[in-house]
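The values are calculated or read from the model by the stated rules, or taken from the named source; none is laboratory data. Please read these numbers as outputs of a predicted model, since none were measured by experiment. Backbone-built Cβ (ideal geometry, glycine too); neighbour counts: all protein chains shown.
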Amino acid sequence: MIVKDSAEPTAAVRPIALCEPHLGGNEWLYVKECLDTGWVSSVGSFVDRFEHMIAGFVDAERAVATVNGTAALHVALQLAGVGRDDEVAVSTLTFIAPANTVRYLGAHPVFIDAEPEYWQMDPQRLADFLDTGCRWRGGALRNNVTGRRVVAVLPVHVLGHPCDMDPILEIASKYELKVVEDATESLGARYRNRMLGQLGDAGCFSFNGNKVMTTGGGGMIITRDPAWAARAKYLTTQAKDPGAEYVHREVGYNFRLTNIQAAMGCAQMEQLDRFIARKRSIATKYNAAFQGNGHIVPMREAEWAWSIFWMYTVLLPSVAERRSLHHWLAARGIETRPLWQPLHVSQAHQGSQVFGGGVAERLYERALSLPCSVGLTDDDHDRVLNEIHAWSRTDI
Ligand SMILES: *Cc1c(COP(=O)(O)O)cnc(C)c1O
């Protein structure tokens with residue numbers, strides 16, 4: 001009998017990851033250049049190059065690199081004038097980072113439900129909050145319940161698909177609110193043919209390992225306003241005044257991206273169009289396979305949207321079926337993931353106000369994200385689909 005090393009994966013149980021990085025280009029070359037030249041830290045040519053590449057890609061005037069996407073959001077909200085005891089309207093169905101950044105500034109999130117079609121911030125619920133939940137008092141828009149000043153809207157383009165931005169921008173402008181887009185999951189996606197991130201006053205991206213492209217960890221603030229960009233650079237570099245001497249007029253942060261990370265970013269940017277094309281083709285194949293499958297609602301793309309399908313996600317009929325499929329696939333080495341607990345029910349943001357919320361709660365129960373790495377092979381994709389079809393034929 002041949003005894004196999006138990007650590008050696010067999011073809012049948014080789015794990016398939018949910019969403020892993022794809023390092024297929026000049027990453028080694030550019031990182032080696034940093035090591036060879038000694039430009040490894042927070043100054044260097046790759047940082048500038050990466051900022052220009054991102055700004056060019058999303059049609060923004062300026063881009064400022066940051067240590068991660070959360071830091072980008074933190075600073076972007078500060079640029080928008082959010083401060084202690086202010087309020088910001090935030091999507092409730094999202095990864096928690098944007099709501100946390102509101103709190104870092106001493107401000108409070110007001111959560112806005114998702115719409116049921118594309119799972120993004122519901123402009124109607126935002127209107128409910130601003131039109132009926134607030135009024136002008138003392139030259140500011142104030143929340144009727146809390147009396148606090150409402151300063152900004154923070155729509156989150158989740159899973160690679162845009163929010164319906166025109167009504168959001170329109171109502172924000174009506175009430176003189178700043179708009180900061182959390183486009184961390186949706187680099188390259190478009191709303192009515194406009195690139196996400198530069199539709200509002202500022203936009204943020206993340207280059208964490210599971211995003212469409214990665215620098216290991218990293219982020220970016222983009223804006224059309226050169227003054228905002230200059231201030232973003234200032235705040236993210238310890239708010240040091242120009243010149244040789246160390247003089248500071250306010251409290252800043254060390255939120256810089258290193259040249260090594262930016263070098264990876266430049267290499268990843270060279271491949272981004274290909275990555276997005278692959279994400280879209282993975283989604284197309286899933287959607288075709290789920291046609292006529294009574295158990296599974298595939299992920300949609302609005303007629304006004306061009307999604308990058310960053311994280312391909314489906315809806316199951318109930319929480320029991322979502323858990324059942326999750327466990328079925330896990331037992332077969334296939335990684336899947338539920339969506340985030342809606343933030344209005346999260347203990348971390350206990351006591352926050354919410355407009356709607358039931359749609360996000362239902363989506364949270366029913367949603368499951370499926371393997372969609374850029375490097376997913378056709379064979380692995382077929383294996384995932386075969387296992388899902390096998391599950392569909394069982395009694396759930
Ligand atoms: C990933 C992510 C962030 C922040 O990303 P980090 O780079 O990990 O700090 C913010 N918002 C959303 C919705 C995200 O998915």
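Quick look at the values:
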{"item": "Test: residue in the range 300-310 that is surrounded by fewer than 17 Cβ atoms within 10 Å (Cβ to Cβ) and in contact with a helix residue (DSSP H, G or I) (Cβ under 9 Å, 6 or more places away or on another chain)", "result": "yes"}
{"item": "Tally of residues being more than 16 Å from the ligand (Cβ to nearest atom) and in a strand (DSSP E or B) across the range 177-200", "result": "5"}
{"item": "Answer residue from the range 84-112, given it is more than 16 Å from the ligand (Cβ to nearest atom) and in contact (Cβ under 8 Å) with a residue 40 or more places away in the chain and is nearest to VAL345 (Cα to Cα) among those", "result": "VAL110"}
{"item": "Pairs with Cβ under 8 Å, 6+ apart, first in the range 119-145 and over 16 Å from GLU170 (Cα atoms) and surrounded by fewer than 14 Cβ atoms within 10 Å (Cβ to Cβ), second modelled with pLDDT of 95 or more and polar (S, T, N, Q)", "result": "ARG135/ASN144; VAL145/GLN353"}
{"item": "Where a residue in the range 312-332 is at pLDDT 95 or above and its partner, wherever it lies, is part of a loop (DSSP other than H, G, I, E, B) and hydroxyl-bearing (Ser, Thr, Tyr), with Cβ under 6 Å and at least six apart", "result": "HIS326/THR336; LEU329/THR336"}
{"item": "Candidate set: the range 313-332, residues that are assigned to a loop (DSSP other than H, G, I, E, B) and among the aliphatic types (A, V, I, L, M); chosen: the one farthest from the chain's Cα centre (by Cα)", "result": "ALA331"}
{"item": "Residue list for the range 176-226, filter: crowded, with 23+ Cβ neighbours inside 10 Å and at pLDDT below 95", "result": "none"}
{"item": "Residues of the range 234-288 satisfying the condition of being of a type in the set (Ser, Thr, Tyr) and assigned to a loop (DSSP other than H, G, I, E, B)", "result": "TYR246, TYR253, THR258"}
{"item": "Counted residues, the range 201-221 - those being within 15 Å of the ligand (Cβ to nearest atom) and over 14 Å from the mean Cα position of the chain (by Cα)", "result": "3"}
{"item": "Tabulated pairs, the range 376-396, first in contact (Cβ under 8 Å) with a residue 12 or more places away in the chain and farther than 11 Å from ILE334 by Cβ, second assigned to a helix (DSSP H, G or I) and of a type in the set (Asp, Glu), C-beta under 8 angstrom, 6+ apart or interchain", "result": "ILE396/GLU321"}
{"item": "Some residue of the range 359-375 being surrounded by fewer than 16 Cβ atoms within 10 Å (Cβ to Cβ), of a type in the set (Gly, Ala, Ser), touching a His at 6+ places or on another chain (Cβ under 9 Å) and modelled with pLDDT of 95 or more", "result": "yes"}
{"item": "Cβ-Cβ under 6 Å pairs, at least 6 apart or on other chains, the range 210-239 side under 10 Å from VAL64 (Cα atoms), far side modelled with pLDDT of 95 or more and of a type in the set (S, T, N, Q)", "result": "GLY219/THR66; GLY219/ASN68; GLY219/SER206; ILE222/GLN198; ALA229/THR223; THR236/THR66"}
{"item": "For GLN350: the one exception among (1) under 17 Å from ALA320 (Cα atoms); (2) without any contact (Cβ under 8 Å) to a residue 12 or more places away in the chain", "result": "(1)"}
{"item": "Selection count, the range 119-147, where residues are in a loop (DSSP other than H, G, I, E, B) and over 21 Å from VAL82 (Cβ atoms)", "result": "3"}
